[in-house]
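Notes for the one structure printed next.
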Amino acid sequence: MKLKLGFESKLYIGAAGATPTNEAKNVKDVTINLESAEVDATSRQSGKFKIYIPGLIDASLEFKMNVDEDDTVLGVIRSAWMGRTPVAAKIDLGDGMAFDSDMVVTNFNNEQSLEDVISYSVTMKPTMTDTDRPPQIVSVS
């Protein structure tokens, strides 16, 4: 058995259109949400029970970043948020697989707790900038 702690996984951010290679080290509390829609496939054939098939996958990436004026990844994310442009993200899932996609920044919240480091709470959702680069789960190489 090989277990990993959260800090051992990696998150990469880069220019949209290609798998990113620039590691985002100033991140914490990373969550990749992968939810499948529930498609109702009920018919008379299923008797008294509703039946479902899995629908499209709704993915999102959420994380926090400490505010650091020298962090170039923070600058890339801020520019993408302000410019309404996509970035590439690759998230190590910890099990030899990674989620790789071009993404848009949907939330970029500045958090200023009294006794905590000022941070940004970021949410990203998949998009496509090239038909040859759909969101996908890939082997970590």
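For the reader, a short list of remarks on this structure follows.
- Sequence ranges 36-43, 8-15, ranked by mean other-Cβ count within 10 angstrom, highest first: 8-15, 36-43
- Over every Cα atom in region 1-78, the radius of gyration and the widest Cα-Cα span, Dmax, amount to 19.6, 62 Å.
- Residues with amide H under 5 Å from that of Met97, placed H, sequence gap 5 or more: Val140
- Over region 1-117, Cα pairs under 8 Å with separation of 6+ residues give a relative contact order of 29 percent.
- Computed from Cα positions, the angle between helix 72-83 and the longest principal axis of the chain comes to roughly 60 degrees.
- The structure-derived value of Rg and Dmax of the Cα atoms in Å appears in the list (1) 26.5, 100; (2) 17.9, 62; (3) 16.2, 55 under the label (2).
- As a length-normalised measure over Cα pairs under 8 Å and 6 or more apart, the relative contact order of region 29-86 settles at 34 percent.
- Alpha carbon centroid spacing (whole Å) that separates region 119-141 from region 6-45: 7 Å
- Each helix, a run of at least 4 DSSP H residues, gives -39500 (n - 2.57); summed and divided by the residues of the chain, these come to -2500 deg cm²/dmol at 222 nm.
Readers should treat all values here as calculations from the given coordinates under stated rules, not as data from a laboratory. From a predicted model like this one, the values you see are computed outputs, not experimental measurements. FYI the Cβ positions are ideal-geometry reconstructions off the backbone, even for glycines, and counts take in every protein chain you see.
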